[in-house]
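Only one structure is covered here, and it is reproduced in the block below.
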Amino acid sequence: MTRILLISGPNLNLLGQREPEVYGESTLEDYVSRAESVATEYDFELTHRQYNDEGSIVEEIQSARHTYQGIIINPGALTHYGWSMHDALAAFEGPIVELHISNPNAREPWRHTSVVAPVATGSIMGFGGYGYELAVHALADSLK
């Protein structure tokens, strides 16, 4: 069975409560459920992990190297400065999909730079919860 890892970064555990005008009223669990629904269509086993610190994300990515065939990551604010996360992702040999609920390029200028994009297979941003579904489809296509 193909195993994929979905990683959620800092503050995503507050979805549904934090800035609903930007991120919507759905919770992280709602978004993960959308990804899981699509994963079952491909007979993928999806594992979700959420961390509020970069070190835990780095350790999860390093562990994924021998366990998962692909990674979907919504790094939250770490997108813009998480260089140790970038380096860990660069060492992962499978496809990586960068995911964002909002479109960082349509927001404040400091959000326009992604340290994940250079090591990602592709990025999905600005589609809200539907992005979670798109990310699984994109990963499935990359794993063909």
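The values are calculated or read from the model by the stated rules, or taken from the named source; none is laboratory data. Bear in mind the structure is a predicted one, so any value in this text is a computation, not a measurement. Don't worry about glycine lacking a Cβ; one is built from the backbone with ideal geometry, like all the others, and counts go over all protein chains shown.
Brief remarks follow.
- Of the residues screened, residue 80 is not one that is on the phi < 0 side of the Ramachandran plot and out of contact with any Lys or Arg (no Cβ under 8 Å at 6 or more places or on another chain).
- Those residues of region 128-144 which are modelled with pLDDT under 95 and not basic (Lys, Arg), in sequence order: 128, 129
- Taking region 1-11 as the range and being modelled with pLDDT of 95 or more, in a loop (DSSP other than H, G, I, E, B) and surrounded by fewer than 19 Cβ atoms within 10 Å (Cβ to Cβ) as the test, only 10 passes.
- Residue 109 surrounded by fewer than 19 Cβ atoms within 10 Å (Cβ to Cβ) and either at pLDDT 95 or above or more than 23 Å from residue 62 (Cα to Cα) (or both): yes
- Qualifying residue in region 14-32 (condition: modelled with pLDDT of 95 or more and on the phi > 0 side of the Ramachandran plot): no
- All of 58, 97 fail the test of being out of contact with any Cys (no Cβ under 9 Å at 6 or more places or on another chain), buried (at least 18 other Cβ atoms within 10 Å of the Cβ), within 15 Å of residue 135 (Cβ to Cβ) and at pLDDT 95 or above, apart from 97.
- Filtering region 93-143 to residues that are of a type in the set (Asp, Glu) and touching a strand residue (DSSP E or B) at 6+ places or on another chain (Cβ under 9 Å) leaves only 98.
- Breaking point among (1) closer than 20 Å to residue 39 by Cβ; (2) surrounded by fewer than 19 Cβ atoms within 10 Å (Cβ to Cβ); (3) not aromatic (Phe, Trp, Tyr), for residue 90: (1)
- Restricted to region 64-82, and to residues there that are over 20 Å from residue 15 (Cα atoms) and in contact with a strand residue (DSSP E or B) (Cβ under 9 Å, 6 or more places away or on another chain), the residue that is surrounded by the fewest Cβ atoms within 10 Å (Cβ to Cβ) is 67.
- Residue in region 31-48 that is out of contact with any strand residue (DSSP E or B) (no Cβ under 9 Å at 6 or more places or on another chain), of a type in the set (S, T, N, Q), without any contact (Cβ under 8 Å) to a residue 24 or more places away in the chain and surrounded by fewer than 18 Cβ atoms within 10 Å (Cβ to Cβ) present: yes
- Pairs are defined by a Cβ separation below 7 Å, a sequence spacing of at least 6 or placement on different chains, a first member in region 61-72 that is among the polar types (S, T, N, Q), and a second member that is surrounded by fewer than 24 Cβ atoms within 10 Å (Cβ to Cβ) and in a helix (DSSP H, G or I); the pairs so defined are 62/88; 69/143.
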